[in-house]
Structure formats: structure tokens, C-alpha cells
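Undergrad: Just passing along the structure, written as C-alpha cells.
Where a number appears in this text, it was derived from the coordinates with a stated rule and is not lab data. This is a predicted model, so every value here is computed, not measured. Every residue, glycine among them, receives a Cβ derived from its backbone with ideal geometry; neighbour counts consider all protein chains shown.
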Amino acid sequence: MLTARRAAAAVAGTLIALFTAACTGHPAAAPADPGPPASVAPASPAATGTPAISGVLYYLAPDQPSPLFRSTPTGLTRVLAAAGYEVNVSPDGQQVAFIGDDNELQVTDRDGNHARTVMHGVANEGVEPIWSPDGTRLLVARLVPNGPGGTPGIVEVATGRFTPLPHDPGGIHYLWSADGRHLGYATGVCELGVSDPDGFNARPVPVLGSTDPKVNPDLRRSCDPFSISPDGSRMAVILHTGDMPDGDIGRSFGANAVIDTRTGASVRLPVTGTVTAVLFQRDGSMLVRSSTGLVLLSADGTVLARATESAAAEKLLLLAYVPA
């Protein structure tokens, strides 16, 4: 069931093993970069009588060097010409972090200007720069001298000071909950985990990734977490079952399921169409992207707003949403 890359990572269960595996990105399930669609509005109110979604959407072109775009009232504006897959937007939408050439952690403003190097020697596969809830720190992995892998830790954006996590939970594709109290992550064998922000009290999400047919008859698993709820109780992930291919260590974008991290059960979403992305917000609400459009759901699943994306925006990967 598991690919050679996933199985090899299981031997050590650490970032060192993971980074020795294949390091190409997951194939993106989207067409090639259509170029800057600045003249096309990214979204419009859905004709359903519900309020329109307000705020700013960030999109990434699926093919490297993966330009980054931000929505505006008149269309999409290009923020970075070459953001790559290791890019993330701060919770307030005012800063962008990405890993540039020579493994440098770069931070810019929301327009892609005033770039500065925050840290050198940052691993660029498996651990993307993840913003803290207050936007002052980033979780990254520092390269191991003369060897593969990386040491996860926290870097202060203002000073560049790096502090390793007191405990390495051995994850990839970390997420940081909005309450600041939880890290979500995947492992190299398509299990999910949750820990404290210092890496301690790591626990696996039940069922997910288990190869015991009695426990997990559908072979449900995920190595691609996309977003996490404010209290860490749910994660939006790309869920695989059966003999579906799992890909490699590279980052994937989007989600087709929401998982309860306490039980491993899937959470039903009151949306139509095929779900392709779920972005949790600070208040527990969720922006859901599906084949029928964008839906903003409250924490309890009530539909709050809707929007229809333009054809140009639909061809891009949805990276972030910053409410108005």
C-alpha cells in the first residue's frame, strides 16, 4: 500500500529519515499556471440569497516556480513571481514567508516587497514555515550540518533567533492552532499527530494510518494535513483510502475531509459538490472550497456566506483566507 518513500520514512520516524526520501513535490491536481489574471475578479456573490464572502484570498499557481496571488475587488494581483511550495501567509495577511534560494527563510510584506532574510540554513522539504497565531514567530526546520534532515524549532521574525523544539515529535507538514496550544502534523507513514507547541505530549490520531484491517478496514490515512481548528480538535486533510497512491514528502494543497483528531472519524460538512479545500479560521469557522463554489461555515456547520470563484481563480491552488 505504501510507496517506497513512505515505507522508508517509517524506519526511523524522524525528520532525518524523512528528508533522505524523495524530495519532489506532490503532483498538483490542477492545470498549469495560467499567468497573471489581474483583470478577472477572483470571486463573486453566489446567487443564493446568502451574504457574500468578504476578505482576502491568497492563491498559488500549481506549477513551479508557483507565483503567489492575492485577491482584490477588481481581480488577482501577483504578490510573488516565484513563491514555491514552501510559502505561507501570516494570520493577519500582512506578511508572507517562504524559503528562497540557498535555503534562506525570507519574509516580505503583503505585496511581496521589502524582502529580508530572517534565517539561513532552513530545510525546504517537509517542514514549511508555519506562522505562530500572533504572527511574530515561524516554525521551521534547521538543516543538520553535513547531513540530511532538519531540526524543528521556532524562529523569531524580528531577530532571527532560532530555538529548537524541546521535543521533536517527528512530524512533517506542521500546522499551528490559533489558540497557540497545539501542533498538528503528519508522519512519513501517513499517520496524523497532535502535540503541544513545544513538541511534548505528542499523540497519534486514532485509526488514521493503521494497517490493522480490524481497526481500519478502509485503510484511511493522510500524509497531507492542510489546516487545523483553533483548539486542535479537527484537521482538514487529504484523505486516502484503499490502494490510492500516497505520493512523496513534498507538500500537497487542499483537503477532501475534516478529521476529528480525538477519534479519527470524518466530520460531515453541509456542502454540495466535491470538497477540495478547507481553511479553519480563528473563530472556528471554515472556508470550504468545493466544485460548486466557496462556502463559509460557522463552527457548528451553519452556512454564513457563499461566493463563486472566477474561472481564473479556480485554476489556482487556494492557500489562505483572511476575513475582512
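Undergrad: Please go through segment 58-99 and give me each residue that is of a type in the set (Val, Ile, Thr) and either assigned to a strand (DSSP E or B) or closer than 23 Å to residue 123 by Cβ (or both), ordered by number.
TA: Answer for segment 58-99, where residues must be of a type in the set (Val, Ile, Thr) and either assigned to a strand (DSSP E or B) or closer than 23 Å to residue 123 by Cβ (or both): 72, 77, 79, 87, 89, 96, 99.
Undergrad: Sort through 194, 215 and tell me the only one that's aliphatic (A, V, I, L, M) and more than 14 Å from residue 170 (Cβ to Cβ).
TA: Going through 194, 215 in turn, just one is aliphatic (A, V, I, L, M) and more than 14 Å from residue 170 (Cβ to Cβ): 215.
Undergrad: Looking at 304, 296, can you tell me which residue is part of a strand (DSSP E or B), surrounded by fewer than 23 Cβ atoms within 10 Å (Cβ to Cβ) and either over 14 Å from the mean Cα position of the chain (by Cα) or at positive phi (or both)?
TA: The unique qualifying residue is 304.
Undergrad: Can we say residue 61 is surrounded by 20 or more Cβ atoms within 10 Å (Cβ to Cβ) and farther than 23 Å from residue 187 by Cα?
TA: yes
Undergrad: Moving on to the next point. If you take the residues in segment 156-175 that are hydrophobic (A, V, I, L, M, F, W, C) and surrounded by fewer than 22 Cβ atoms within 10 Å (Cβ to Cβ), which one is nearest to residue 247 (Cα to Cα)?
TA: Top of the filtered list is 165.
Undergrad: Right, next: Starting from residues that are under 19 Å from the mean Cα position of the chain (by Cα) and not in a loop (DSSP other than H, G, I, E, B), keep the ones in segment 109-141 and report whichever is farthest from residue 197 (Cα to Cα).
TA: Only one residue fits best here, namely 122.
Table: residues versus (1) farther than 30 Å from residue 115 by Cα; (2) surrounded by fewer than 19 Cβ atoms within 10 Å (Cβ to Cβ).
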residue: 179; (1), (2): no, yes
residue: 192; (1), (2): yes, no
residue: 206; (1), (2): yes, yes
residue: 212; (1), (2): yes, yes
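Undergrad: Please pick out the residue among 250, 254, 273 that is without any contact (Cβ under 8 Å) to a residue 40 or more places away in the chain and under 27 Å from residue 93 (Cβ atoms).
TA: One residue alone meets the criteria, 273.
Undergrad: A further question follows. Can you tell me how many residues within segment 184-209 are of a type in the set (S, T, N, Q) and touching a residue at least 12 places away in the same chain (Cβ under 8 Å)?
TA: 2
Undergrad: Return the residues of segment 132-166 that are under 14 Å from residue 119 (Cβ atoms) and of a type in the set (Asp, Glu); say none if nothing qualifies.
TA: The one that is under 14 Å from residue 119 (Cβ atoms) and of a type in the set (Asp, Glu): 156.
Undergrad: Do we find that residue 221 is more than 30 Å from residue 74 (Cβ to Cβ) and buried (at least 23 other Cβ atoms within 10 Å of the Cβ) in this structure?
TA: Spelling it out, residue 221 is indeed more than 30 Å from residue 74 (Cβ to Cβ) and buried (at least 23 other Cβ atoms within 10 Å of the Cβ).
Undergrad: Take segment 117-149 and flag every residue that is of a type in the set (A, V, I, L, M, F, W, C), buried (at least 17 other Cβ atoms within 10 Å of the Cβ) and more than 25 Å from residue 230 (Cβ to Cβ).
TA: 118, 119, 122, 123, 143
Undergrad: Tell me which residues, restricted to segment 211-247, are among the β-branched types (Val, Ile, Thr) and over 15 Å from residue 187 (Cβ atoms).
TA: 215, 228, 241
Undergrad: If we keep just the residues of segment 106-133 that are of a type outside the set (Phe, Trp, Tyr) and in contact with a Ser or Thr (Cβ under 7 Å, 6 or more places away or on another chain), which is nearest to residue 145 (Cα to Cα)?
TA: In this case the residue turns out to be 106.
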